[in-house]
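Worksheet: the structure to be examined is printed underneath.
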Amino acid sequence: MTERTPLPGKKYKFTINIFVLLMVLVIAVQGTYLGYVVGMLTTLEKRFGFSSEKSGWLLSLYDIGHTMAILLIGYIGSHYHLPRITGIGVILSSLSMFMLALPVLFYGTADYTQEQLLQKKEAYAMEMRCDVNSLREISSQGEDCWREHNEHTNAFIILAFGQLFAGIFAAPFNTIAYVYIDSNVKQKRESPFLLGLLTSMYAFGPALGFLLSSILNGVYTTLGDAPDHIGTHDEHWIGAWWLGFLLCGSAYLVLALPFFFFPRTYKHPDSFHLMLEHSRPQVSPEDRLSFKENVELFLREFPMVLKKLLSNKVYITMVIAWMFGSYLIGGYQTYLPKFIETQYGRSASMADIYSGIISVGAIAVSTALGGWILSRYNIAPRSSIICLLGSWVVILVSYIIGMNLGCSQPKVEGLSYVDYADRWHFYHHQEREQQCLEYCNCETILKFDGVSMNGQNFYSPCHAGCTDYDVFSNTWSNCQCVYGNSVEKGLVHPECDIFFAYLAVMMIGLFIGNLFFMVTMMIVLRSVFDEEKVIALSLASFITNLFGFIPAPVIYGFFIDLCCILWNRQCPNERGNCVLYDNDKFSKMFHGVNSFFQIFAIIFAGICYWVSKSVKLPEEMPMVEFPESREREYRDEDEE
């Protein structure tokens, strides 16, 4: 089998750069979608009545799909045309984006018209006011709960499959596309910069996604005028959540076509399957393996390849370090908007913007800069691991500082901390002990609807003793617990000027801490031979997803829920979502969990450095011995 003659230098470099540029744009769209989903979670919860637990599953389903496909893509990528597989993945990803927008076609942009909204507000007034005549029953929300369960279940199923397919179809982006670039660059020293550029887009992209979600959250879901007297802070406001998915799907379609015009390889047949064929007697085209024989070959040799990779100590220790390091994205960055919103009293849209600033200002810029530094100064693999260790220590220090830069949570009337029980207690069923609430029947109120006046917060208008509600101005008045005055919607947070100090600490810490994150991928690729790179990177992504990105939202969500002190029980016998956290506990828990995983990332990166000192990496082997040793290795395995 003859090898493709390399292209002339300038044309060769130009073509590779075009492929890199296309992948930068594709990953930017992918990252935008990932950030957009996080930024739109609250809107999806309001529109389709999702609980926080369901929202967490939506996030995890993407990584579950990615994990399901990654090893299969690795094997296919070792046998077939890498750019075309990538192009097919881009087209199918666009279809998954359109699928995520399907609920708007089936269920409409909003679940009520202006007339229905007026009726809804009148019902809301009856349900939330101080009920002096004791007409309200605790089961009054039963009809809404039944509707929520039946009408929105199908919408969740559609979104769930959309997320799952999006993860499956994106599998080629950060595996075979990376290997195609790494295997075809003329000089290996260029690889870290180019791959770092691609990886940085996984941070730039979510920042764009947060910005897009912030913009579209300010656009009413019908793209027209919102119903009268409904503003962006109203609980009935629904942003144009579906439009972002259509934009991402359209962008994917535009970028897909050029991938089908790239050659399979520029320099050599980059295929593990071809490498095995070279070690065996050559066969004529008529004697090529059938599909059944190819499947049998896969079942026989794939476990052998996995065994070789898992026994590679440098490779597996760096993969484990990479896995623990992934909790920075899967956990910290996922819940950062929620942390900023609850800890510092920022709106959801502003929390998205600040999270995007940290993503761009710290993670994205530093990843790209770190890749350039590795390429510019041609830092050796072992020296780069030391750089990685130092930068990850800085992240750990920033977490420790960040956990002490929190604010106090809003104080709510009737909510108090019980020392002997080590828990917070809200006076449900004891409201009548308060003189202003004696005849209000507030114990039947399940849903949280916070109101305030002059820094004094109440669980609901009923708990403020309010009897009058203006459906047009959306204000409550004649509130007995504030001496007959009016109250404002929403809770008032105590003054806290430490947010920008937190922002500065985390930006500096994450900037330095992610400067050499590309070392993880570089060591994974440098610790294996060329024909093993596709499956090695696929296995690394599989492990990172299975033990990192998939459980991260669930683990963080579990610990964050432990910090909740007030739940919004919208339906009887349901806990609902958390509306108020113990901020001090939240800050320490959030950063403490991050610190825990970061410590293990540092430990395994240190083990990788120690192991690498006693072995030769493939690129360090003499070129004269390299082909013979590899041919002998595979021939011996075939004979066994």
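Taking the numbered list (1) open to solvent by 30 Å² or more (accessible area, probe 1.4 Å); (2) assigned to a helix (DSSP H, G or I); (3) modelled with pLDDT under 75 in turn, Tyr80 passes all entries but (2).
When Trp424 is tested against the conditions (1) assigned to a loop (DSSP other than H, G, I, E, B); (2) modelled with pLDDT under 80, the lone failure is (1).
Identify all residues within region 309-355 that are among the basic types (Lys, Arg) and in a helix (DSSP H, G or I); write none if there are none.
Filtering region 309-355 for residues among the basic types (Lys, Arg) gives 313, 338, 346.
Answer for region 309-355, where residues must be among the basic types (Lys, Arg) and in a helix (DSSP H, G or I): Lys313, Lys338.
Among the residues making up region 456-479, those that are modelled with pLDDT of 80 or more and open to solvent by 10 Å² or more (accessible area, probe 1.4 Å) are Gln456, Thr467, Asp468, Tyr469, Asp470, Thr475, Ser477, Asn478.
Pairs needed: first member in region 21-33, of a type in the set (Gly, Ala, Ser); second member anywhere, open to solvent by less than 20 Å² (accessible area, probe 1.4 Å) and part of a helix (DSSP H, G or I); C-beta distance under 6 Å; at least 6 residues apart or different chains. Pairs that qualify, where the first residue is of a type in the set (Gly, Ala, Ser) and the partner is open to solvent by less than 20 Å² (accessible area, probe 1.4 Å) and part of a helix (DSSP H, G or I), are Ala28/Gly205; Gly31/Gly205; Gly31/Pro206.
For region 342-399, what are the residues that are of a type in the set (Phe, Trp, Tyr) and open to solvent by 50 Å² or more (accessible area, probe 1.4 Å)?
Here is the first cut: in region 342-399, the ones of a type in the set (Phe, Trp, Tyr) are 344, 354, 372, 377, 392, 399.
Matches in region 342-399: Trp372, Tyr377.
Only one of Lys447, Lys411 is of a type in the set (Lys, Arg) and modelled with pLDDT of 80 or more; which? Answer to the check: Lys411.
Scan region 440-450 and tell me whether some residue there is open to solvent by 40 Å² or more (accessible area, probe 1.4 Å), touching a residue at least 24 places away in the same chain (Cβ under 8 Å) and either in contact with a Gly (Cβ under 6 Å, 6 or more places away or on another chain) or over 24 Å from Asp582 (Cα atoms) (or both). No, every residue in region 440-450 fails to be open to solvent by 40 Å² or more (accessible area, probe 1.4 Å), touching a residue at least 24 places away in the same chain (Cβ under 8 Å) and either in contact with a Gly (Cβ under 6 Å, 6 or more places away or on another chain) or over 24 Å from Asp582 (Cα atoms) (or both).
Only one of Phe596, Phe590, Phe626 is at pLDDT 90 or above and open to solvent by less than 80 Å² (accessible area, probe 1.4 Å); which? Step through it out loud before you land on a result.
Numbers: Phe596 fails: open to solvent by less than 80 Å² (accessible area, probe 1.4 Å); Phe626 fails: at pLDDT 90 or above.
None of the others qualify; the one that does is Phe590.
All of (1) part of a loop (DSSP other than H, G, I, E, B); (2) at pLDDT 85 or above hold for Met97 with one exception: (1). Hand me the list of helices (runs of 4 or more DSSP H) wholly inside region 480-560 holding 3 or more residues that are β-branched (Val, Ile, Thr) and modelled with pLDDT of 85 or more. Ranges flagged: 499-513, 518-526. Among the conditions (1) modelled with pLDDT of 85 or more; (2) within 30 Å of Thr520 (Cα to Cα); (3) in contact with an Asp or Glu (Cβ under 8 Å, 6 or more places away or on another chain), Val305 misses just one, which is (1). Once region 448-473 is narrowed to residues that are among the acidic types (Asp, Glu) and not in a loop (DSSP other than H, G, I, E, B), the residue that is farthest from the chain's Cα centre (by Cα) is Asp468. Tell me whether region 84-91 contains one or more residues that are among the polar types (S, T, N, Q), modelled with pLDDT of 70 or more and open to solvent by less than 30 Å² (accessible area, probe 1.4 Å). The answer is yes, given that some residue of region 84-91 is among the polar types (S, T, N, Q), modelled with pLDDT of 70 or more and open to solvent by less than 30 Å² (accessible area, probe 1.4 Å).
The values are calculated or read from the model by the stated rules, or taken from the named source; none is laboratory data. Source: prediction; values computed, not measured. Here Cβ is always computed from backbone atoms with ideal geometry, including for glycine, and neighbour counts include all displayed protein chains. The accessibility values were calculated without ligands, DNA or RNA, using every heavy atom of the protein model including side chains. Shrake-Rupley method; radii C 1.70, N 1.55, O 1.52, S 1.80 Å.
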